[in-house]
Structures are given as C-alpha cells and as structure tokens.
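Take a look at the structure below.
The values are calculated or read from the model by the stated rules, or taken from the named source; none is laboratory data. Keep in mind it's a predicted model, so treat the numbers as computed, not measured. Note: ideal-geometry Cβ built from the backbone for every residue, glycine included; neighbour counts use all protein chains shown. Each accessible area value is taken on the protein alone, full model and side chains, heavy atoms only, with ligands, DNA and RNA left out. Shrake-Rupley method; radii C 1.70, N 1.55, O 1.52, S 1.80 Å.
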Amino acid sequence: MRKFQDATIESLSPGIKEMIKKNLNPERKEQKDPIFTKGFLISGPTGVGKTCILHALANHFRYSVTFENWVDLLLEYKDTMDKGYKRDAIYQLFSNNILVIDDVGSEKVTEWAIERLYIIINKAYERGHIVLLATNLTPKQFRETYGERIFSRLNEMCTLLELDGDDRRMK
C-alpha cells in the first residue's frame with residue numbers, strides 16, 4: 001500500500017482546500033483543457049504536509065499527472081544520459097498535463113542540477129503545462145539557490161503556498 005494513496009483534496013485543511021479551489025479552471029469543459037489556472041509552488045519545513053498535498057492533487061487528477069521526486073529524477077536523467085538518451089529523460093515528463101516535482105532543494109545543489117531544473121521549468125513554461133512543486137526552501141532561499149530565471153517563471157506559473165508548523169512525523 002502506498003503511503004499517500006488515499007490522500008484527497010477534501011482531507012486537506014480548509015485554508016489549503018480553499019486556495020486549491022481558487023486555482024481550478026472554471027472554464028474547463030473537456031479533459032484536455034487545463035485543470036488549474038496556475039500551478040503551486042509549495043514551500044515549508046520538513047513534515048508540514050507538502051508531499052501529502054501533492055499526492056492529494058495527483059490522486060484527484062491521476063489521469064493527467066507525472067509525479068517525480070527531484071532527487072530520483074536527477075538520478076534517472078543521469079542514467080539515461082549515460083546511455084545516450086538525453087532528450088528522453090526530459091520529454092517523457094511532458095506526456096501529461098500536470099508535472100509534479102517533490103523535494104526540490106533536497107539534492108546536492110550543483111550547476112548541473114540547476115541547469116536540469118531550468119530546462120524542465122522552461123519547457124513546462126513554453127508548453128503551458130501546470131507545475132506543482134514542493135521544496136523545504138523558503139521562497140527567498142529558492143530564488144537565491146536556483147536563480148532569477150527559474151524563480152521568475154515559477155512565480156508566473158504558480159501560486160505560492162507557504163506552509164508553517166511542526167514536523168508531524170516527529171509527534
């Protein structure tokens with residue numbers, strides 16, 4: 001059994017549910033139409049529910065979601081590059097309407113990792129894909145770590161959802 005397989009939008013706190021509902025596209029008529037008007041950049045300390053929110057959204061819109069952990073994605077990308085399939089690792093991310101990336105900032109931050117994130121965010125930006133991204137970094141730390149180009153695109157593409165609180169796993 002997957003840890004978050006039963007996570008739903010309805011199981012989230014009222015404030016988070018309200019923010020998600022504000023981003024739903026009221027003009028959506030067909031499955032191919034965008035689900036959200038914007039994605040989410042979810043920021044907060046360890047254990048406050050960022051991953052649970054991402055899974056609740058992914059479970060709700062399962063048919064059109066690519067869900068990746070950032071560290072795993074970097075490892076997969078490196079592996080496919082070593083095999084000579086550099087483009088496949090990036091382009092397979094865009095087979096769905098919504099791209100979910102969890103734990104950005106948990107990797108060893110290198111120029112190579114920053115460049116990969118830029119490529120992914122820029123492709124999503126150019127193609128009009130919805131991005132849901134979670135990080136333990138504050139918005140200021142994210143901007144300083146990954147740069148203005150990435151942060152600026154995410155700022156336009158996403159609603160910032162800053163969480164606060166104690167680590168629920170430590171209780």
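Points to keep in mind about this one:
- Filtered residues of region 120-130 (kept if open to solvent by less than 50 Å² (accessible area, probe 1.4 Å) and at pLDDT 90 or above): 120, 121, 122, 123, 124
- Scanning region 131-152 for residues that are open to solvent by 20 Å² or more (accessible area, probe 1.4 Å) and either in contact (Cβ under 8 Å) with a residue 40 or more places away in the chain or of a type in the set (Gly, Ala, Ser) (or both) yields 136, 137, 138, 139, 145, 147, 152.
- Of all residues making up region 156-171, the number that are open to solvent by 90 Å² or more (accessible area, probe 1.4 Å), touching a residue at least 40 places away in the same chain (Cβ under 8 Å) and not aliphatic (A, V, I, L, M): 5
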